[in-house]
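Asks: Let me begin by handing over the structure; questions about it come next.
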Amino acid sequence: MKNLQLKRNKEDSLLRFHPWVFSGAIQHADDGIAEGDVVRVVTSDGDFIAVGHYQQGSIAVRVLSFRDVEINDAFWYSRLESALKMRVSIGIADNPHNNTYRLVHGEGDLLPGLIIDIYGKTAVMQAHSIGMHLSRVQIAEQLVKVMGSRIENVYYKSETTLPFMDDMENGFLYGGSDDNTAVENGLMFYVDWLRGQKTGFFVDQRENRSLLEQYAKGKRVLNMFCYTGGFSFYAMRGGAELVHSVDSSAKAIELTNRNVQLNFPGDDRHKAFCEDAFKFLDNMGLYDLIILDPPAFAKHRGAIHNALKGYTRLNMKAMQKIQSGGILFTFSCSQVVTKDLFRNAVFTAAAQARRKVRILHQLHQPADHPINIYHPEGEYLKGLVLYVE
């Protein structure tokens, strides 16, 4: 491995086990280092401190280990085995009522730049760094060994996370089944890992969907930014009077309708609308329960101001229209928008809507999306359940 040498006194964050090395901290790099290479990070005095994937950009190294180890088959096997062991211990893996979960959550599983979601017998793998992209075949081989009979397919899907890679191709690294049906808490759904967002489904809302089910009985429910309809079919199982799903994507609406029919064939309580969210809210009817789960409004710090304005406007419109005594589930998945910033945006929306609002629940990502205690940036999903008078 080649070395990257840090500037003097730039190792403090690494001594606290933060898994990123920023480009501004680098004093010298050995000749011949290419993007995706595994490199050793050393202090200004030449002492070893970490090993990780190198990449051009503000985050120059994503740390794989703070021990001077070889990144080989044994390394990948050990990390994947550890990730599976945690999911088994908390009851998410090997659950007969749920075969959908996140197996690897980047820094949260000490594998920065790698996401692996399990949908039934298929693992969908996604790289967020060139290093993980270059290691995809080796990782897939060890994944199959670790998972054993739990999976029959490994599908690679990274064209949206590494769009600058000219040779990027999605496809099966192992297996090749076209069975894309999975089960979450006893409900079935189709996963579009070919063209869908993320890995094909928003696994991180599983527990929040279950909570919504408890509030749905007899309610008129509006699911905004519905994507594949997860909240919608949980609401229907919870006994909702009617459920309306809204998304600007025609493909998302098509998949939502398929998922609803998969679980509730012939049920006429559900209707889907392909429409802009803000326009729909301007002209919407009467609802007792509204879900606002928009895509990330801010993907970098420079967009925070506009993102907060967007969250305020969106929540204000929903609060203005929701029935008295209504319940609002509202979320932000923007990593750079903190819990406090999001809560303040919702507070501003409540004040502008001139409604009495109480917080019933404060929501977050589930246990299979763990947060590395040394990497607080990994806490990205935040949500509030509000009672609106």
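The values are calculated or read from the model by the stated rules, or taken from the named source; none is laboratory data. As the structure is a computational prediction, the values presented were derived from the model and not from experiment. Cβ: placed from backbone, ideal geometry, glycine included. Neighbour counts: every protein chain shown. Side chains included, ligands, DNA and RNA excluded: accessible areas come from the protein's heavy atoms. Shrake-Rupley method; radii C 1.70, N 1.55, O 1.52, S 1.80 Å.
Asks: Which residue out of 104, 42, 124 is among the aliphatic types (A, V, I, L, M) and over 17 Å from the mean Cα position of the chain (by Cα)? Let's see the steps before the verdict.
Replies: On the way: 104 fails: over 17 Å from the mean Cα position of the chain (by Cα); 124 fails: over 17 Å from the mean Cα position of the chain (by Cα).
After applying the criteria, what remains is 42.
Asks: Right, next: Which of the residues belonging to the stretch 343-389 are charged (D, E, K, R) and in contact with a Phe, Trp or Tyr (Cβ under 7 Å, 6 or more places away or on another chain)? Working first, answer last.
Replies: Narrowing the stretch 343-389 to residues charged (D, E, K, R): 343, 354-356, 358, 368, 377, 379, 382, 389.
358, 368, 382 - these are the residues of the stretch 343-389 that are charged (D, E, K, R) and in contact with a Phe, Trp or Tyr (Cβ under 7 Å, 6 or more places away or on another chain).
Asks: Hey, can you tell me all the residues within the stretch 67-85 that are open to solvent by less than 60 Å² (accessible area, probe 1.4 Å) and hydrophobic (A, V, I, L, M, F, W, C)?
Replies: Across the stretch 67-85, the qualifying residues are 69, 71, 75, 76, 80, 83, 84.
Asks: Report yes if residue 369 is crowded, with 17+ Cβ neighbours inside 10 Å, within 21 Å of the chain's Cα centre (by Cα) and outside any helix (DSSP H, G or I), otherwise no.
Replies: yes
Asks: Name the pairs whose Cβ atoms lie under 6 Å apart, with the first residue in the stretch 44-59 and in contact (Cβ under 8 Å) with a residue 40 or more places away in the chain and farther than 17 Å from residue 28 by Cβ, the second open to solvent by 20 Å² or more (accessible area, probe 1.4 Å) and not charged (D, E, K, R), and 6 or more positions between them or separate chains?
Replies: Cβ pairs passing all conditions: none.
Asks: Among the residues of the stretch 6-23, are any β-branched (Val, Ile, Thr) and touching a Gly at 6+ places or on another chain (Cβ under 6 Å)? Break it down stepwise before answering.
Replies: First, the residues of the stretch 6-23 that are β-branched (Val, Ile, Thr): 21.
Still in the list and also touching a Gly at 6+ places or on another chain (Cβ under 6 Å): none.
No, because not a single residue in the stretch 6-23 is β-branched (Val, Ile, Thr) and touching a Gly at 6+ places or on another chain (Cβ under 6 Å).
Asks: Open to solvent by 60 Å² or more (accessible area, probe 1.4 Å), among the β-branched types (Val, Ile, Thr) and modelled with pLDDT of 95 or more, is that true of residue 33? Reasoning before the result, please.
Replies: Details: open to solvent by 60 Å² or more (accessible area, probe 1.4 Å): no; among the β-branched types (Val, Ile, Thr): yes; modelled with pLDDT of 95 or more: yes.
Considered against the rule, which asks whether it is open to solvent by 60 Å² or more (accessible area, probe 1.4 Å), among the β-branched types (Val, Ile, Thr) and modelled with pLDDT of 95 or more, residue 33 comes out as no.
Listed here are the residues, each with its yes/no results for (1) modelled with pLDDT of 95 or more; (2) open to solvent by 10 Å² or more (accessible area, probe 1.4 Å).
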site	(1), (2)
118	yes, no
123	yes, no
139	yes, no
154	yes, no
161	no, yes
170	no, yes
174	yes, yes
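Asks: Also, I was wondering about something else. With the structure loaded, tell me whether residue 70 is over 18 Å from the mean Cα position of the chain (by Cα) and over 16 Å from residue 372 (Cβ atoms) or whether it fails that test.
Replies: Numbers: over 18 Å from the mean Cα position of the chain (by Cα): yes; over 16 Å from residue 372 (Cβ atoms): yes.
Yes: the conditions hold for residue 70.
Asks: For residue 107, indicate whether it is of a type outside the set (A, V, I, L, M, F, W, C), open to solvent by 40 Å² or more (accessible area, probe 1.4 Å) and out of contact with any strand residue (DSSP E or B) (no Cβ under 6 Å at 6 or more places or on another chain). First the steps, then the outcome.
Replies: Details: of a type outside the set (A, V, I, L, M, F, W, C): yes; open to solvent by 40 Å² or more (accessible area, probe 1.4 Å): no; out of contact with any strand residue (DSSP E or B) (no Cβ under 6 Å at 6 or more places or on another chain): yes.
No; evaluated as a whole, the condition is false for this residue.
Asks: What is the one condition in (1) over 21 Å from residue 80 (Cβ atoms); (2) modelled with pLDDT of 95 or more; (3) among the hydrophobic types (A, V, I, L, M, F, W, C); (4) in a strand (DSSP E or B) that residue 236 does not satisfy?
Replies: (4)
Asks: Could you give me the residue pairs with C-beta distances under 6 Å whose first residue belongs to the stretch 303-320 and is farther than 10 Å from residue 353 by Cα and in contact (Cβ under 8 Å) with a residue 60 or more places away in the chain, whose second residue is of a type outside the set (A, V, I, L, M, F, W, C) and assigned to a helix (DSSP H, G or I) wherever it lies, and which are 6+ apart or on separate chains?
Replies: From the stretch 303-320, no pairs qualify.
Asks: Looking only at residues that are touching a His at 6+ places or on another chain (Cβ under 9 Å) and touching a residue at least 40 places away in the same chain (Cβ under 8 Å) in the stretch 242-279, which one is farthest from residue 309 (Cα to Cα)? Outline the logic, then answer.
Replies: Step one: of the stretch 242-279, the residues touching a His at 6+ places or on another chain (Cβ under 9 Å) are 242-245, 256-257, 260-261, 264, 270-273.
Adding the requirement that they be touching a residue at least 40 places away in the same chain (Cβ under 8 Å) leaves 244, 272.
Working: 244: 26, 272: 27 Å.
Here the residue is 272.
Asks: Out of the stretch 177-235, which residues are touching a residue at least 60 places away in the same chain (Cβ under 8 Å), open to solvent by less than 10 Å² (accessible area, probe 1.4 Å), more than 25 Å from residue 157 (Cα to Cα) and not polar (S, T, N, Q)?
Replies: Within the stretch 177-235, 212, 216, 221, 222, 224 qualify.
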